[in-house]
Amino acid sequence: MSCRRLVGIDLGIASAHAVRVLDEAGNTLAKRKALPTVESLSAIELGALEGTPAGTRLEVVIEPTGPAWLPIAVFFINRGHVVYRVSSTESADLRRFLLRHAKTNGIDADTLARIPLFHPAGVQPLELPSAGAASLDRRVRAAHRLTRQVALHKTRIKALVRQLMPMSPLPGKITHADLAVLERWADPNMLVRAGRKRIAAVIVKASNNHCGVERADDWLVAANTAIELYAGHPAVAFADVAAEIATEVRLVRAIEHELAAHAREREHGYAKVDPGGLARSLPGISDVGGPTLVAKLGDAARFSHAKQVRAFTGLAPKASETGDTDRKGQALSKAGPSLLRTTFVIAADTARKQDPQLARIYYVQMVERGKNHIGALCVVAATLAERAWTVMKRGTPYVIRDVDGSPVGPQQAAAIIAEHWTVPAEVRARRRNKKAGKAPQAITAGSRRRGDLPQTASSTRRDQHVNPREQRIA
């Protein structure tokens, strides 16, 4: 006789965890409190297994609450039990249904324990990564966080420089030479007194001779313009803002130093987890994208088919069906790791310029389906995610092919894309104009299903794949 025990644990960050134990019928058997210690969790395990036959496995349900979920998951998985880590949105929706006017830790724990009963197909056993995969994931997280911090500090530097010098010479990327100048002479008065020769010497050294006098002139023009504009008004604290800029520059350099160390370890970890470099064989996946893909996608064998991967990345649209109506064009679910989803979307913009098949998908979405650039990229990114799973599962590198399936080289692929799958400039401009509305949704008549790749080579006339009405509009 089977005996099922469901354990819902509402994790507390600075307080004890609330625990509810349920049987297979959803009856509450025990209410407990637990701490992340072996003694406390062992007592929960013994209490939940009381009266059950030997070999019974607990089904523990938790939410990914900060770092608190990991000790619980490790303990129960080591004891041979099943752990489900469900999304906070899913548990909140069920809690809202069960109890409308109350929210307590006990209610949250009870709700978590009931999720496998209400939606058994929506929970998957948690699989903890190996030592190498866990190390890689940690380095990827650290490098990504530090990269974002560098970007935030550079944005702050741009804002402060624009305050001091309204005609700022920093419209785009901040270089190491710009940081060297700002660390020394962010004050326009000091910049002018430093003179062209000294500024140029600092720029030449910091940029390894890539720029010099011309860049120094840009800074001097901006400084002289600011001095003339402000005319020494006391409301403009040149020295104080300059000191803040110098602090931001030093912070950027310190973070970049730490980032370089984590990036090196990330590369070592990636070499161990993906020694064949399969992830980086995908078009658009760069040196940073490869480790991110491997760390966030995890073991490819845990997905049974490609649609699960698309759903895991959050690149699958939400479903909306009523009666005989199936509404297309719904927003993406955005489930799963946001970093993985962002990696695929960024990679898709490069991949569509390298792979004719992906270029064709982008072309159809822009020209025939009426999507804008971002919408078309998301469709390409979803396809790229499925292909990444296929590459990792098969253990073979990615091969760029024409739309008829024949392998092509990089130059040949670029020529095919330029000739057959390049979105016309007038179509791209029209997609930017929101007032123009979406293009017609009709697809070329034939037996192909929506989204299928054509079965003919790219040498076929491109007009055959374009909506006739879209041609008239163009």
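For region 186-235, a residue qualifies if it is in a helix (DSSP H, G or I), without any contact (Cβ under 8 Å) to a residue 40 or more places away in the chain and small (G, A, S), and the qualifying residues are A194, G195, A200, A201, A206, A216.
Kindly check whether there is at least one residue in region 96-110 that is open to solvent by 60 Å² or more (accessible area, probe 1.4 Å), charged (D, E, K, R) and modelled with pLDDT of 90 or more. There is no residue in region 96-110 that is open to solvent by 60 Å² or more (accessible area, probe 1.4 Å), charged (D, E, K, R) and modelled with pLDDT of 90 or more.
Going by the structure shown, is R114 open to solvent by 60 Å² or more (accessible area, probe 1.4 Å) and in a helix (DSSP H, G or I)?
Answer is no for this residue.
Answer yes if at least one residue in region 8-19 is of a type in the set (S, T, Y), open to solvent by less than 80 Å² (accessible area, probe 1.4 Å) and at pLDDT 95 or above, and no otherwise. Checking region 8-19: not a single residue is of a type in the set (S, T, Y), open to solvent by less than 80 Å² (accessible area, probe 1.4 Å) and at pLDDT 95 or above.
Assuming Q163 fulfils every condition listed in (1) in contact with a helix residue (DSSP H, G or I) (Cβ under 7 Å, 6 or more places away or on another chain); (2) within 23 Å of I72 (Cβ to Cβ) apart from one, which condition is it? Going through (1) in contact with a helix residue (DSSP H, G or I) (Cβ under 7 Å, 6 or more places away or on another chain); (2) within 23 Å of I72 (Cβ to Cβ) one by one, Q163 breaks only (2). Among the residues making up region 403-435, a single one is in a loop (DSSP other than H, G, I, E, B) and of a type in the set (D, E, K, R): D404.
Taken together, the criteria exclude R341 from residues that are closer than 23 Å to A425 by Cβ, basic (K, R) and either modelled with pLDDT under 95 or not in a loop (DSSP other than H, G, I, E, B) (or both).
Of the listed requirements (1) at pLDDT below 95; (2) surrounded by fewer than 18 Cβ atoms within 10 Å (Cβ to Cβ), R431 misses just one: (2).
Take the conditions on the phi > 0 side of the Ramachandran plot and open to solvent by 50 Å² or more (accessible area, probe 1.4 Å) and apply them to G26. Does it pass? No; evaluated as a whole, the condition is false for this residue. If you scan region 50-72, which residues turn out to be outside any loop (DSSP other than H, G, I, E, B) and surrounded by fewer than 20 Cβ atoms within 10 Å (Cβ to Cβ)? Result: W69, L70, P71.
Residue-by-condition table, conditions (1) surrounded by 24 or more Cβ atoms within 10 Å (Cβ to Cβ); (2) under 18 Å from S286 (Cα atoms):
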site	(1), (2)
D355	yes, yes
Y362	yes, no
N372	no, no
A382	yes, yes
R387	no, yes
K393	no, no
P397	no, yes
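So which of R32, R5 is surrounded by 15 or more Cβ atoms within 10 Å (Cβ to Cβ), out of contact with any Phe, Trp or Tyr (no Cβ under 6 Å at 6 or more places or on another chain) and farther than 15 Å from V83 by Cβ? Give the steps one after another, and end with the answer.
Working: R5 fails: farther than 15 Å from V83 by Cβ.
On inspection, the qualifying residue turns out to be R32.
Of all residues in region 160-184, those being in a helix (DSSP H, G or I) and either open to solvent by less than 20 Å² (accessible area, probe 1.4 Å) or closer than 27 Å to H262 by Cβ (or both) number 11. Within region 213-247, if we keep just the residues that are in contact with a helix residue (DSSP H, G or I) (Cβ under 6 Å, 6 or more places away or on another chain) and over 14 Å from D187 (Cα atoms), the residue that is least open to solvent (accessible area, probe 1.4 Å) turns out to be A216.
The values are calculated or read from the model by the stated rules, or taken from the named source; none is laboratory data. Just so you know, these numbers come straight off a predicted model, no measurement behind them. Because the Cβ atoms are built from the backbone with ideal geometry, glycine has one as well, and the counts that use them run over all protein chains shown. Accessible surface areas use protein heavy atoms only, side chains included; no ligands, DNA or RNA. Shrake-Rupley method; radii C 1.70, N 1.55, O 1.52, S 1.80 Å.
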